[in-house]
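Novice: Here it is, the structure in full.
The values are calculated or read from the model by the stated rules, or taken from the named source; none is laboratory data. Given the structure is predicted, the values throughout are model-derived calculations rather than measurements. Cβ sites come from the backbone with ideal geometry, for glycine too, and all protein chains shown count toward neighbours.
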Amino acid sequence: MTTHTIEIEKISTQYDYMRLQNKKSENDILGSIASIGVKMPIQGYFENEVFYLLDGHKRVRACKKLNISILTCEEIGTNLSSSLLKILVSTSEKNLHIIEQGQMIKSLIESEEMSITDVARLLNKGRSWVSVRLNMINSLSPKMLSYLLEDRISIRSFMYSIIPVTRVTGTKLTSVESFMSFIADKNLSTREIDFLTKEYFKGGVEIKKKIEEGDFSTLLKFNSKMKGANDTLNEEENKINKHALYLLNSSKFLLASMPKVKKPSSDLMATTGIIFDQLLTLLSVVKYEIKNFQGRSYD
């Protein structure tokens, strides 16, 4: 690998789309460079006297803000494919997200007409390792991918909240994309996104409408109140709170699911019909006992 110095205007950032943005990380890098300068060379390859950047996008953006015009760069390959392979092999998975890996693998397959087997062999990885990352990218619409790459939605929330819930509910891609458009750029915490995801895909029509209209405050205040209550309740009260919340969420999910079945089958009614009969009987008792229970708190 050869090291050079280069003027910042001769750096091409056309492969920005392969790397994740992160506002906090970029602010930290900006502060570090302002204080001690750029310590690590950026990486990529040269073509017709232009340096094509593949690693160091945050540093370059910070340098532009600080009016730093000369950078040290490291030539890690002779073209796009050899440089991407170098990054994929040499960068630890801790520092290269699965989505970034997927973007690079997709580029290798499309630009070099490689097969999954070819890429796996060159990276010394199994075919399943390559397939998982490629399938992750191919399962996202361009808009969904842009929300994640541009740090408009927490990628952690997407991986650990949105994907698991929508996979269980069998949600269509268009619905997931719509939900992501409602929560993008709202500065929501991972807990808030987790709560809104469950409410949107498992809750009732009214809750879904509130989220679509951007009316998060009532829902989030309710969730915060429920979380805080757990710290002050005794063991028996916690049990009541837990079961009441479970009943509420199950009811929402049931109400959201029933309209999807236009004509219930005889097999479904043979089993669920019995449950419904018991539920209808029980609901009147539950309603009476809840009112009685609430009344006791005012005695």
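Novice: Consider G44 carefully, then state whether it is part of a loop (DSSP other than H, G, I, E, B), among the small types (G, A, S), more than 22 Å from R156 (Cβ to Cβ) and in contact with a Phe, Trp or Tyr (Cβ under 7 Å, 6 or more places away or on another chain). Spell out how you get there, then give the answer.
Specialist: Values: part of a loop (DSSP other than H, G, I, E, B): no; among the small types (G, A, S): yes; more than 22 Å from R156 (Cβ to Cβ): yes; in contact with a Phe, Trp or Tyr (Cβ under 7 Å, 6 or more places away or on another chain): yes.
No, not satisfied.
Novice: Which is polar (S, T, N, Q), more than 25 Å from the chain's Cα centre (by Cα) and farther than 24 Å from D28 by Cα, of N79, N67, N138? Can you show your working first?
Specialist: Working: N67 fails: farther than 24 Å from D28 by Cα; N138 fails: more than 25 Å from the chain's Cα centre (by Cα).
Sole residue among the options that is polar (S, T, N, Q), more than 25 Å from the chain's Cα centre (by Cα) and farther than 24 Å from D28 by Cα: N79.
Novice: What are the pairs with Cβ atoms under 6 angstrom where one residue, in segment 12-34, is polar (S, T, N, Q) and the other, located anywhere, is not in a helix (DSSP H, G or I)? Sequence gap at least six, or different chains.
Specialist: Once the first residue is polar (S, T, N, Q) and sits in segment 12-34, its partners that are not in a helix (DSSP H, G or I) give S12/V50; S12/Y52; T13/L53; Q21/E150; Q21/D151; N22/D151.
Novice: Let me ask something additional. Just to be sure I understand, how many residues within segment 1-33 are more than 14 Å from L71 (Cα to Cα), in a helix (DSSP H, G or I) and not aromatic (F, W, Y)?
Specialist: Matching residues across segment 1-33 total 12.
Novice: Report whether or not T72 is surrounded by fewer than 18 Cβ atoms within 10 Å (Cβ to Cβ) and touching an Asp or Glu at 6+ places or on another chain (Cβ under 6 Å).
Specialist: Against the criterion (surrounded by fewer than 18 Cβ atoms within 10 Å (Cβ to Cβ) and touching an Asp or Glu at 6+ places or on another chain (Cβ under 6 Å)), T72 does not qualify.
Novice: Tell me the residue from K143, K125 that is surrounded by fewer than 20 Cβ atoms within 10 Å (Cβ to Cβ) and in a loop (DSSP other than H, G, I, E, B), please.
Specialist: On the way: K143 fails: in a loop (DSSP other than H, G, I, E, B).
Exactly one of K143, K125 is surrounded by fewer than 20 Cβ atoms within 10 Å (Cβ to Cβ) and in a loop (DSSP other than H, G, I, E, B), namely K125.
Novice: Right, here's the next one. So, in segment 66-119, exactly how many residues are part of a loop (DSSP other than H, G, I, E, B), in contact with a Leu (Cβ under 6 Å, 6 or more places away or on another chain) and in contact (Cβ under 8 Å) with a residue 40 or more places away in the chain?
Specialist: Initial filter on segment 66-119 (part of a loop (DSSP other than H, G, I, E, B)): 66-69, 76-79, 91-97, 112-115.
From the residues that got through so far, the ones that are in contact with a Leu (Cβ under 6 Å, 6 or more places away or on another chain) too are 97, 114.
With in contact (Cβ under 8 Å) with a residue 40 or more places away in the chain added as a condition, the list becomes 97.
So the answer is 1.
Novice: Here's another thing I want to ask about it. For segment 47-65, name all the residues that are in contact (Cβ under 8 Å) with a residue 40 or more places away in the chain and not in a helix (DSSP H, G or I).
Specialist: V50, F51, Y52, L53
Novice: Determine, yes or no, whether V132 is in a helix (DSSP H, G or I) and within 19 Å of M159 (Cα to Cα).
Specialist: So V132 fits the description; yes.
Novice: Sticking with this one: When segment 250-264 is examined, which residues are found to be surrounded by 11 or more Cβ atoms within 10 Å (Cβ to Cβ) and out of contact with any Lys or Arg (no Cβ under 7 Å at 6 or more places or on another chain)?
Specialist: The answer is S250, S251, L254, L255, S257, P264.
Novice: Among the residues in segment 289-297, are any within 25 Å of L188 (Cβ to Cβ) and modelled with pLDDT under 80? Before the answer, list the steps.
Specialist: Here is the first cut: in segment 289-297, the ones within 25 Å of L188 (Cβ to Cβ) are none.
The answer is no, given that none of the residues of segment 289-297 is within 25 Å of L188 (Cβ to Cβ) and modelled with pLDDT under 80.
Novice: If you don't mind, there's one more thing I want to ask. Whether any residue in segment 276-287 is assigned to a helix (DSSP H, G or I), outside the structural domain of K208 (by TED's automatic domain parsing) and under 24 Å from T169 (Cα atoms) is what I want to check.
Specialist: yes
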